[in-house]
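The structure appears below as structure tokens.
The values are calculated or read from the model by the stated rules, or taken from the named source; none is laboratory data. Quantities reported herein were computed from a predicted structural model and do not represent experimental measurements. For neighbour counting, all protein chains shown are included, and Cβ atoms are generated from backbone atoms with ideal geometry for every residue, glycine included. Side chains included, ligands, DNA and RNA excluded: accessible areas come from the protein's heavy atoms. Shrake-Rupley method; radii C 1.70, N 1.55, O 1.52, S 1.80 Å.
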Amino acid sequence: MTTTLTILTIVLAVSFGINILLALIFLEQRRMITTDTLTGLLNKVGLAEIRNRRHAKRNRSLFLFERRHKDHATGGAILYLDLDKFKPVNDKYGHHVGDLLIVEFSKFLKQHMRTKDTLARLHGDEFVVVLEDVDEIEAKKVAAKIVENLKNHTFVAHEHKINLEATIGVVAMKDDEPFDLDSLIKDADHAMLKSKRRTRDAH
């Protein structure tokens with residue numbers, strides 16, 4: 001009887017250990033799928049998962065509580081950020097410096113965010129910030145502050161002192177509108193490109 005119990009205990013312990021190991025492997029796989037390897041930020045997949053979960057939760061609350069002032073509902077905003085003239089920096093200093101600048105720039109952006117906001121790196125030198133519970137005017141103020149502070153900030157990468165500039169597209173969203181992350185990002189990207197064209201034409 002004692003031997004049987006001992007064997008059963010060992011089997012259960014091994015089974016439990018295997019389940020823990022499989023769970024850890026699954027979590028690591030999910031992290032790799034949803035995280036940008038360079039900066040540790042969310043990538044587009046991770047951003048979509050988090051935003052969809054939040055939106056689903058927010059939609060459920062609409063059935064439980066009557067929203068007031070629906071015409072002025074504030075759902076938040078998408079900021080689409082693109083570093084200006086980043087390729088010449090890579091060409092001049094090398095990609096190892098460029099990669100470090102991307103990491104430092106992501107840290108800089110975090111300083112302009114609240115804990116409930118979401119930051120993701122889509123690819124290259126392009127980032128998305130999801131601002132929660134702000135309207136278009138407030139979102140544009142955040143974007144302007146980032147651009148202005150960036151002009152006064154010097155990054156240090158492998159002993160090189162480098163200044164960066166960015167162009168930001170802003171798109172506001174409302175709680176009572178259908179949520180489509182891809183469309184919102186695309187619209188913010190178009191707004192960013194328009195801003196870049198206006199800047200070029202002004203010069």
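Could you tell me whether Gly98 is within 20 Å of His153 (Cβ to Cβ) and modelled with pLDDT of 90 or more?
Against the criterion (within 20 Å of His153 (Cβ to Cβ) and modelled with pLDDT of 90 or more), Gly98 qualifies.
Confirm whether Ser195 is touching a Ser or Thr at 6+ places or on another chain (Cβ under 8 Å), modelled with pLDDT under 95 and of a type in the set (S, T, N, Q).
It is true that Ser195 is touching a Ser or Thr at 6+ places or on another chain (Cβ under 8 Å), modelled with pLDDT under 95 and of a type in the set (S, T, N, Q).
Hey, among Arg68, Arg54, which residue is under 25 Å from Thr118 (Cα atoms), of a type in the set (Lys, Arg) and either outside any helix (DSSP H, G or I) or modelled with pLDDT under 90 (or both)?
One residue alone meets the criteria, Arg54.
Which of the residues belonging to the range 71-86 are open to solvent by 50 Å² or more (accessible area, probe 1.4 Å) and modelled with pLDDT of 70 or more?
Selection gives Lys85 alone.
Out of all the residues in the range 87-120, which are open to solvent by 30 Å² or more (accessible area, probe 1.4 Å), more than 16 Å from Leu150 (Cα to Cα) and not in a helix (DSSP H, G or I)?
Arg114, Thr115, Lys116 - these are the residues of the range 87-120 that are open to solvent by 30 Å² or more (accessible area, probe 1.4 Å), more than 16 Å from Leu150 (Cα to Cα) and not in a helix (DSSP H, G or I).
Output the residues belonging to the range 131-172 that are more than 15 Å from Ala188 (Cα to Cα) and in a loop (DSSP other than H, G, I, E, B).
Of everything in the range 131-172, those that are more than 15 Å from Ala188 (Cα to Cα) and in a loop (DSSP other than H, G, I, E, B) turn out to be Asp133, Val134, Asn152, His153, His158, Glu159, Leu164, Glu165.
On the basis of being outside any loop (DSSP other than H, G, I, E, B), closer than 21 Å to Leu150 by Cβ and either open to solvent by 80 Å² or more (accessible area, probe 1.4 Å) or at pLDDT 70 or above (or both), does Val45 make the cut?
No, not satisfied.
Show the residue pairs that are 6+ apart or on different chains and have beta-carbon atoms under 6 Å apart, the first residue being within the range 90-113 and closer than 16 Å to Glu165 by Cα, the second being open to solvent by less than 60 Å² (accessible area, probe 1.4 Å) and among the hydroxyl-bearing types (Ser, Thr, Tyr).
Val103/Thr39; Ser106/Thr39
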